[in-house]
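Novice: Below is the structure I would like to discuss, written out as structure tokens.
The values are calculated or read from the model by the stated rules, or taken from the named source; none is laboratory data. Note that the structure is a prediction, hence the values are computed from the model and not measured. Methodologically, a virtual Cβ is constructed for each residue, glycine included, from the backbone with ideal geometry; neighbour enumeration extends over all protein chains shown. We work out accessible area using only protein heavy atoms, side chains counted, and drop any ligands, DNA or RNA first. Shrake-Rupley method; radii C 1.70, N 1.55, O 1.52, S 1.80 Å.
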Amino acid sequence: MKKVLIANRGEIAVRVARTCRVMGIATAAVYSDADAGALHTRVADEAVPIGPAEAARSYLDIDSILSAARRAGADAIHPGYGFLSQNGDFADAVAAAGLTFIGPPGDVHRRMGDKKGARRLMTAAGVPVVPGYDGDDQGDATLAAEAARIGWPVIIKPSRGGGGKGMRVVRGAKDFPSALASARREARSAFGDDVVVLEKFVERPRHVEVQVLADTSGNVVHLLERECSIQRRHQKVVEETPSPALDDDQRRRLCAAGVAAARAAAYVNAGTVEFLLDPSGAFYFLEMNTRLQVEHPVTECITGLDLVRLQIEVAAGRPLALPAGPLVARGHALECRLSAEDPWNGDLPSPGRILHYVPPEGPGVRFDGGIAAGSEVSVHYDPMLAKVITWGASRDESIARMADALRRTVVLGVVTNLERLQSIVDHPAFRRGELHTGFLEEHLASLERVPCPPPEALAAAVLALRRVPSGAARGARTVADPWESLGGWRLG
Ligand code: MV4
């Protein structure tokens with residue numbers, strides 16, 4: 001592999017380019033009209049335009065991406081996450097063009113992109129799935145009878161698609177017919193298919209997922225779990241590893257189930273098996289994500305591995321090259337997603353220009369960013385700007401480092417969720433590890449509002465700071481300064 005085209009934007013495109021550079025592989029970025037000059041185009045060795053701002057005509061346009069790869073002379077494509085990353089037709093088209101797709105083949109995406117088929121495959125492989133119905137008979141009467149058999153509450157899920165779209169929680173028989181009709185309607189318009197599965201609705205579950213890696217020689221390993229229970233409207237906000245909910249025995253069983261799931265899927269490359277963990281400690285397969293995940297850095301922190309490097313090596317046909325002996329995880333890692341969303345205004349996106357920006361630094365701090373001062377945050381794309389990741393010897397230490405890192409992070413020009421993140425990691429229930437997928441809804445009222453001046457006032461403050469005279473021009477010192485006696489020496 002000599003040149004990788006990165007079919008994505010923002011922080012993940014920057015992240016992939018950095019590993020390629022370390023590996024001595026050239027990179028070509030792609031950019032829409034909205035992203036000319038964006039950070040990811042500058043971190044890559046070259047950048048190719050792919051069309052207008054609308055993602056459907058640029059980052060989601062298979063022909064545009066393939067023609068960019070031809071123009072750049074790339075021999076491989078990394079899809080990042082989102083966009084075309086889980087599109088089986090794209091993976092096939094990349095291979096048909098004679099290029100290496102850095103991810104699983106098309107049939108794996110299709111196999112796991114279908115909940116009905118995935119549930120059946122997992123049941124056959126002995127992986128626990130939520131009690132439910134995944135049959136071919138989709139008649140109204142059959143579904144209603146199956147829902148009653150499962151027992152209320154039941155969740156209706158579109159077989160295609162994900163991210164909570166089209167899902168309906170039904171708490172009794174009388175609400176089932178209308179919920180089914182609206183779930184089907186939403187599924188048909190969003191995914192072009194109205195097949196549903198039914199599952200027992202697990203109340204107050206945790207979302208715990210297993211990172212897996214598989215090569216083309218049949219080796220399948222796990223890289224432990226991540227807990228992603230802190231979500232808002234199906235978007236993860238804070239993730240961590242290890243999960244504070246698991247003891248060693250549960251962890252062993254969960255990770256073994258993740259490996260069994262990957263084997264059953266004939267998986268290749270990096271993937272994630274999502275599970276629900278119920279309050280009694282039982283876990284159930286939910287779905288498999290056939291891509292690198294946003295939250296992969298916490299796994300990298302505790303394992304010392306570079307997941308993008310491993311993806312590239314596996315895609316190049318090399319057997320997994322992992323350190324000999326059992327997997328040793330060190331410490332604990334946390335990730336907070338920094339987004340241009342206004343937590344005090346219904347989490348509405350806050351597009352605009354980044355005026356000023358100071359990423360956090362320090363021991364155990366990693367910052368995966370996709371922005372720079374002057375960057376335009378567009379309404380056309382996901383509002384995530386960057387990820388703040390901290391590592392510590394213990395969960396408490398990674399939280400303390402996160403709280404400090406967030407306090408030192410500055411983004412001016414757009415409203416961000418920074419204060420929301422601060423109040424989550426400061427919350428006593430979060431500190432105790434009492435997490436579940438309803439955490440934010442339950443605690444929203446008790447999350448402290450940290451008063452913050454509006455962005456234009458902060459930007460004015462920064463401009464004023466630049467006009468403050470420096471050094472001797474500040475005038476006579478009133479306190480003796482030990483550094484004055486050092487002659488010509490300065491702190492580096
Ligand atoms: C569930 C569940 C409870 N029981 N499945 C949401 C996104 C997708 N990845 C899976 N999701 C869920 N699946 C069963 N059997 C709870 C969720 C869930 C959820 C569901 C409806 C509304 C909001 C939710 C928030 C988090 C998780």
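Novice: Being touching a Leu at 6+ places or on another chain (Cβ under 7 Å), more than 8 Å from the ligand (Cβ to nearest atom) and closer than 22 Å to G103 by Cβ narrows it down to one residue among L198, L223; which is it?
Specialist: Details: L198 fails: closer than 22 Å to G103 by Cβ.
Every option except L223 fails the conditions.
Novice: Inspect segment 292-312 for any residue being within 16 Å of the ligand (Cβ to nearest atom) and not charged (D, E, K, R) and give the result as yes or no. Lay out the reasoning, then the answer.
Specialist: If we filter segment 292-312 for residues that are within 16 Å of the ligand (Cβ to nearest atom), which is where we start, we get 293-295.
Checking the rest, the ones that are also not charged (D, E, K, R) come to 293-294.
Yes, because at least one residue in segment 292-312 is within 16 Å of the ligand (Cβ to nearest atom) and not charged (D, E, K, R).
Novice: Further question: Can you name every residue in segment 94-112 that is in contact with a helix residue (DSSP H, G or I) (Cβ under 8 Å, 6 or more places away or on another chain), open to solvent by 30 Å² or more (accessible area, probe 1.4 Å) and not aliphatic (A, V, I, L, M)?
Specialist: T100, P105, D107, R110, R111
Novice: In segment 29-59, how many are part of a loop (DSSP other than H, G, I, E, B) and crowded, with 21+ Cβ neighbours inside 10 Å?
Specialist: So the first thing to find is which residues in segment 29-59 are part of a loop (DSSP other than H, G, I, E, B), and the list is 36-38, 44-45, 52-54, 58-59.
Pick out the ones that are also crowded, with 21+ Cβ neighbours inside 10 Å and you get 38, 44, 58-59.
The total comes to 4.
Novice: Checking the structure you have, find out if any residue of segment 258-272 is under 22 Å from the mean Cα position of the chain (by Cα), within 14 Å of the ligand (Cβ to nearest atom) and either crowded, with 24+ Cβ neighbours inside 10 Å or at pLDDT 95 or above (or both).
Specialist: Let us first name the residues in segment 258-272 that are under 22 Å from the mean Cα position of the chain (by Cα), namely 258-259, 261-262, 265, 267-272.
Now restrict to residues that are within 14 Å of the ligand (Cβ to nearest atom): 272.
Pick out the ones that are also either crowded, with 24+ Cβ neighbours inside 10 Å or at pLDDT 95 or above (or both) and you get 272.
Among the residues of segment 258-272, at least one is under 22 Å from the mean Cα position of the chain (by Cα), within 14 Å of the ligand (Cβ to nearest atom) and either crowded, with 24+ Cβ neighbours inside 10 Å or at pLDDT 95 or above (or both), which makes the answer yes.
Novice: Another question, if that's okay. Just for segment 273-302: of the residues that are free of Cβ contacts under 8 Å to residues at least 40 places away in the same chain and closer than 27 Å to M167 by Cα, which one is surrounded by the most Cβ atoms within 10 Å (Cβ to Cβ)? Reasoning before the result, please.
Specialist: The initial filter retains those residues of segment 273-302 that are free of Cβ contacts under 8 Å to residues at least 40 places away in the same chain, namely 280-281, 300.
Adding the requirement that they be closer than 27 Å to M167 by Cα leaves 280-281.
Values: S280: 7, G281: 12.
Checked segment 273-302; the qualifying residue surrounded by the most Cβ atoms within 10 Å (Cβ to Cβ) is G281.
Novice: Which numbered condition in (1) in a loop (DSSP other than H, G, I, E, B); (2) open to solvent by 60 Å² or more (accessible area, probe 1.4 Å); (3) of a type outside the set (K, R) is the only one that D89 fails?
Specialist: Going through (1) in a loop (DSSP other than H, G, I, E, B); (2) open to solvent by 60 Å² or more (accessible area, probe 1.4 Å); (3) of a type outside the set (K, R) one by one, D89 breaks only (1).
Novice: In segment 152-162, which residues are within 12 Å of the ligand (Cβ to nearest atom) and either over 15 Å from S189 (Cα atoms) or free of Cβ contacts under 8 Å to residues at least 24 places away in the same chain (or both)? Break it down stepwise before answering.
Specialist: The first filter runs over segment 152-162 and keeps only residues within 12 Å of the ligand (Cβ to nearest atom), leaving 153-158, 161-162.
Result: P153, V154, I155, I156.
Novice: A follow-up question, please. Give me the residue from segment 124-140 that is under 30 Å from G82 (Cβ atoms) and in a loop (DSSP other than H, G, I, E, B) and, out of that set, nearest to the ligand (Cβ to nearest atom).
Specialist: Ranking the candidates gives V130 first.
Novice: Separate question: Could you tell me which of the residues R206, R188, R171, R160 is surrounded by fewer than 16 Cβ atoms within 10 Å (Cβ to Cβ) and under 30 Å from Y267 (Cα atoms)? Outline the logic, then answer.
Specialist: Numbers: R206 fails: surrounded by fewer than 16 Cβ atoms within 10 Å (Cβ to Cβ); R171 fails: under 30 Å from Y267 (Cα atoms); R160 fails: surrounded by fewer than 16 Cβ atoms within 10 Å (Cβ to Cβ).
Of the residues listed, the single one that is surrounded by fewer than 16 Cβ atoms within 10 Å (Cβ to Cβ) and under 30 Å from Y267 (Cα atoms) is R188.
Novice: May I ask you to say which residue of L121, L143, L84 is part of a helix (DSSP H, G or I) and either open to solvent by less than 30 Å² (accessible area, probe 1.4 Å) or over 30 Å from C255 (Cα atoms) (or both)?
Specialist: Working: L121 fails: either open to solvent by less than 30 Å² (accessible area, probe 1.4 Å) or over 30 Å from C255 (Cα atoms) (or both); L84 fails: part of a helix (DSSP H, G or I).
The match here is L143.
Novice: Yes or no: segment 60-77 includes at least one residue that is at pLDDT below 95, open to solvent by 20 Å² or more (accessible area, probe 1.4 Å) and either in a helix (DSSP H, G or I) or farther than 21 Å from K2 by Cα (or both).
Specialist: From segment 60-77, those at pLDDT below 95 are none; that's our starting set.
No, because not a single residue in segment 60-77 is at pLDDT below 95, open to solvent by 20 Å² or more (accessible area, probe 1.4 Å) and either in a helix (DSSP H, G or I) or farther than 21 Å from K2 by Cα (or both).
Novice: Report whether or not R188 is basic (K, R) and either more than 16 Å from the ligand (Cβ to nearest atom) or over 27 Å from the mean Cα position of the chain (by Cα) (or both).
Specialist: When the stated conditions are applied, R188 passes them.
Novice: Further question: Has segment 241-252 got any residue that is within 16 Å of the ligand (Cβ to nearest atom) and open to solvent by less than 20 Å² (accessible area, probe 1.4 Å)?
Specialist: Narrowing segment 241-252 to residues within 16 Å of the ligand (Cβ to nearest atom): 243, 245.
Cutting the leftovers down to open to solvent by less than 20 Å² (accessible area, probe 1.4 Å) gives us 243.
Taking every residue of segment 241-252 in turn, at least one turns out to be within 16 Å of the ligand (Cβ to nearest atom) and open to solvent by less than 20 Å² (accessible area, probe 1.4 Å).
Novice: If you don't mind, another one. Has segment 293-315 got any residue that is part of a loop (DSSP other than H, G, I, E, B), basic (K, R) and more than 12 Å from L223 (Cβ to Cβ)?
Specialist: Kept after step one, since they are part of a loop (DSSP other than H, G, I, E, B), are these residues of segment 293-315: 293-295, 304-306.
Still in the running and basic (K, R): none.
For segment 293-315, residues part of a loop (DSSP other than H, G, I, E, B), basic (K, R) and more than 12 Å from L223 (Cβ to Cβ): absent.
Novice: Among the numbered criteria (1) within 12 Å of the ligand (Cβ to nearest atom); (2) more than 24 Å from V314 (Cβ to Cβ), which one does E209 miss?
Specialist: Checking E209 against (1) within 12 Å of the ligand (Cβ to nearest atom); (2) more than 24 Å from V314 (Cβ to Cβ), the one that fails is (2).
Novice: Shifting gears a bit: Just to be sure I understand, how many residues within segment 419-449 are within 27 Å of G370 (Cβ to Cβ), assigned to a helix (DSSP H, G or I) and open to solvent by less than 20 Å² (accessible area, probe 1.4 Å)?
Specialist: 7
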